[in-house]
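Novice: After the structure tokens below, expect a handful of questions from me.
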Amino acid sequence: MPWTRDEMAALAAAELQDGFYVNLGIGIPTLVANHIAPGIDVTLQSENGMLGLGPFPTEAEVDADIINAGKQTITELDRTSYVSSADSFGMIRGGHIQLSVLGAMEVAENGDLANWMVPGKMVKGPGGAMDLVAGVQRIIVLMDHVDKQGAAKFRRGCTLPLTGANVVDMIITNLAIFERPDRQSAFLLRRLAPGVTAQEVRDLTEAEYEEAFA
Amino acid sequence: MVQKIHPDAPSALAGLLFDGMTIAAGGFGLCGIPETLIQALVDSGTTGITAVSNNAGVDDFGLGKLLRTRQIAKMVSSYVGENKEFERQYLTGELEIEFCPQGTLAERMRAGGAGIPGFYTRTGVGTLIAEGKETKVFDGETFVLERGIVADLAIVKAWKGDPYGNLVFRKSARNFNPMAATCGRVTVAEVEELVAPGELEPDQIHTPGVFVQRLILATHNEKRIEQRTIRKEAQ
């Protein structure tokens, strides 16, 4: 049975280490915050200029001036600091953030990522994603294994405009986990969702990869 | 003392507006946007505006108001996904967009304001964003040259301001406002609270008055929330 979105988020959360500063993308990656293990102290960064994100507010706590990069209302913690957008991206571009978890439309076997544009159709823009993949030390992608038409999203090469070239370190889909030890290496199939076979994953993946189960 | 405080937004913008001008605006989403000055721009009828702003507001709020009235000819932004009218105008070719990664946009405004005409960044290398731009290899890695931005006018929103134009922003409403304030040839700030000289703690001032030429007390402080996310009870 494929992993649910929450299970995928929990698998990504298992990659967090004590003391990490982490940026979570919009959508499923945001769910990662709900699965941080007790005893692991992680500081969440939001690129609009907030370091140390708290949980969503209660009705009484809502403050229009406290939002995350998804424009969601949020709360402060005792460690929270605010910075300008320039300083926030100084943290990101300067390599001070250990990990970012992002969504994707396509990932290529060489680590290319596409998640910002469908020419002629979707014109939302890259937001902070290009800066995140260019500057954050490790990039995990959370995505469905295939798109709504059933086409493979982990591909030989991206067909959509890139967000970054050779920037992805780990891919968690609803069917499997792929990882590579460094950005010169090929991706390895490390884990299958319960009841999913290696052959099924092979059939639904265009990218070349090696099997090396953890 | 030079009088920076103006009685209202139209008077603060008087003599500064012309068709085809570039305007930089602070704000992220609908947070920390200069609502009062945006309304005054709508009322001014200025057209052909190039707007430098991280986002384009929503259909009926923020810069979305200026899109509706077709006063904006071009946006320089990182993300415009919340605005349907934007998408429509862009796809029909009525509106030009220069997409700029968010961190690059912040740095372009900061650089422009600091007298730096260009800088190299890793962001966007190997993507459409870097096409046609100069690149340079530093220590074996490729970086792309991005230009600083200087705007004819910058409009910003602050929490508190004093008569000298010193500004303090509040929480995540700071965002792009400090950089926008520096990159305007003229910068107009609207503040939620005008305070007396000496009331702001010098160590706590985010934007010093040197960057702010004109100042008004904001009359539009709706602070609309885009995603009102609530947890059920205190944890």
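The values are calculated or read from the model by the stated rules, or taken from the named source; none is laboratory data. Being a predicted model, the structure only gives us computed values, none of them experimental. Here the Cβ positions follow ideal geometry from the backbone for every residue, glycine too, while neighbour counts run over all protein chains shown. The area values use the complete protein model at the heavy-atom level, side chains included, leaving out ligands, DNA and RNA. Shrake-Rupley method; radii C 1.70, N 1.55, O 1.52, S 1.80 Å.
Novice: Treating each Cα of the protein assembly as shown as an identical point scatterer and ignoring solvent, apply the Debye formula and state log10 I(q)/I(0) at q = 0.11 Å⁻¹.
Specialist: Normalising to I(0) and taking log10 leaves -0.86.
Novice: Test of understanding: express the Cα radius of gyration of chain A as a ratio to 2.2 N^0.38 Å, with N the residue count.
Specialist: Relative to the rule-of-thumb radius for its length, chain A sits at 1.02.
Novice: Which distance in nm do the two modelled labels at A:ALA152 and A:ASP182 give, with both placed 7 Å along the Cα-to-Cβ direction?
Specialist: 2.7
Novice: Going Cα to Cα from A:LYS153, which lysines come in below 25 Å? Please leave out same-chain ones fewer than 8 positions away.
Specialist: A:LYS121, A:LYS124
Novice: Report the per residue volume, in Å³, of the convex hull enclosing the C-alpha atoms of the stretch A:57-177.
Specialist: 151
Novice: In Å² (nearest 100), what accessible area is buried between A and B, both sides summed, heavy protein atoms only, 1.4 Å probe?
Specialist: Working: alone 10550 and 11900 Å², together 18350 Å².
Chain pair A/B: roughly 4100 Å² of buried accessible area.
Novice: Tell me, what is a quarter of the convex hull surface for the C-alpha atoms of the stretch B:72-146, in nm² with one decimal?
Specialist: 6.0
Novice: Over all alpha-carbon pairs in chain B, figure out the percentage whose distance exceeds 32 Å.
Specialist: For chain B, the share of Cα pairs beyond 32 Å comes to 21 percent.
Novice: Once label points are set 7 Å from the Cα along Cα→Cβ at both B:GLU141 and A:ASP144, what is their separation, rounded to one decimal in nm?
Specialist: 3.5
Novice: So, one more: Just how far, in whole angstrom, is the stretch A:1-70 from the stretch A:117-135 if you go by their alpha carbon centroids?
Specialist: 21
Novice: So, one more: Grab the DSSP H runs of chain A that are 4 residues or longer, score each as -39,500 (n - 2.57), total them, divide by all residues and round the 222 nm result to the nearest 500 deg cm²/dmol.
Specialist: Computed mean residue ellipticity for chain A: -4000 deg cm²/dmol.
Novice: Taking 0.36 nm per residue of sequence separation and subtracting the Cα-Cα distance, how much length would be gained by fully extending the chain between A:VAL62 and A:GLN17, in nm to one decimal?
Specialist: That works out to 13.2 nm of additional length.
Novice: May I pose another question? What is the projected area of the convex hull of the Cα atoms of the stretch B:178-222, averaged over all directions, in nm²? Let's see the in-between values first.
Specialist: On the way: hull surface 14.8 nm².
Dividing the Cα hull surface by four gives the mean projection, 3.7 nm².
Novice: Using +1 on the beta carbon of Lys and Arg, -1 on that of Asp and Glu, and nothing else charged, what's the dipole of the stretch B:8-107 about the Cα centre, debye to 20?
Specialist: Using only the charged Cβ atoms, the result is roughly 80 debye.
Novice: Divide, for the stretch B:20-74, the radius of gyration over alpha carbons by 2.2 N^0.38 Å, where N is the residue count.
Specialist: My calculation over the Cα atoms of the stretch B:20-74 gives 0.96.
Novice: Let me ask something else about it. How many angstrom separate the Cα center of the stretch A:141-156 from the Cα center of the stretch A:165-203?
Specialist: Going from one Cα centre to the other spans 12 Å.
Novice: Give me the distance in nm between label points sitting 7 Å out from Cα along the Cα-to-Cβ direction at B:PHE18 and A:HIS96, one decimal.
Specialist: Distance between the two pseudo-spin positions: 4.1 nm.
Novice: How big is the charge dipole of chain A about its Cα centre, in debye rounded to the nearest 20, if each Lys and Arg gets +1 on its Cβ and each Asp and Glu gets -1 on its Cβ? Mind showing how you got there, number by number?
Specialist: Numbers: 16 positive and 28 negative charges, 113 e Å.
Result for chain A is approximately 540 debye, rounded to the nearest 20.
Novice: Run the dipole for the stretch B:121-235 about the Cα centre, Lys and Arg Cβ at +1, Asp and Glu Cβ at -1, nothing else charged, and hand back the magnitude in debye, nearest 20.
Specialist: Charge dipole, the stretch B:121-235, about its Cα centre: 360 debye, nearest 20.
Novice: What is the antiparallel percent of DSSP beta bridges lying wholly in chain A, to the nearest 5? Write out the running numbers ahead of the final one.
Specialist: Working: 18 of 36 bridges.
Antiparallel bridges make up about 50 percent of those DSSP assigns within chain A.
Novice: Another question, if that's okay. Carbon and sulfur atoms: what percent of the 1.4 Å accessible area of the protein assembly as shown do they account for?
Specialist: Answer for the protein assembly as shown is 50 percent, counting heavy atoms of protein chains only.
Novice: I need the shape label for the stretch B:46-175. Rule: rounded when a/c is under 1.5, else prolate if a/b > b/c, else oblate, with a, b, c from the alpha carbon gyration tensor.
Specialist: oblate
Novice: Checking the table A:LYS71/B:LYS157; B:LYS4/B:LYS157; B:LYS74/B:LYS136 against a 21 Å threshold on Cα-Cα, which pairs fail?
Specialist: Checking Cα-Cα distances, B:LYS74/B:LYS136 exceed 21 Å.
Novice: Also: Give me the log10 of I(q) over I(0) for the stretch A:1-125 at q = 0.10, 0.15, 0.17 Å⁻¹, as the Debye formula computes it from C-alpha points; what are the numbers?
Specialist: -0.35, -0.79, -1.01
Novice: Another one. Among DSSP bridges having both ends in chain B, what percentage is antiparallel? Round to the nearest 5.
Specialist: Numbers: 13 of 41 bridges.
The answer is about 30 percent antiparallel.
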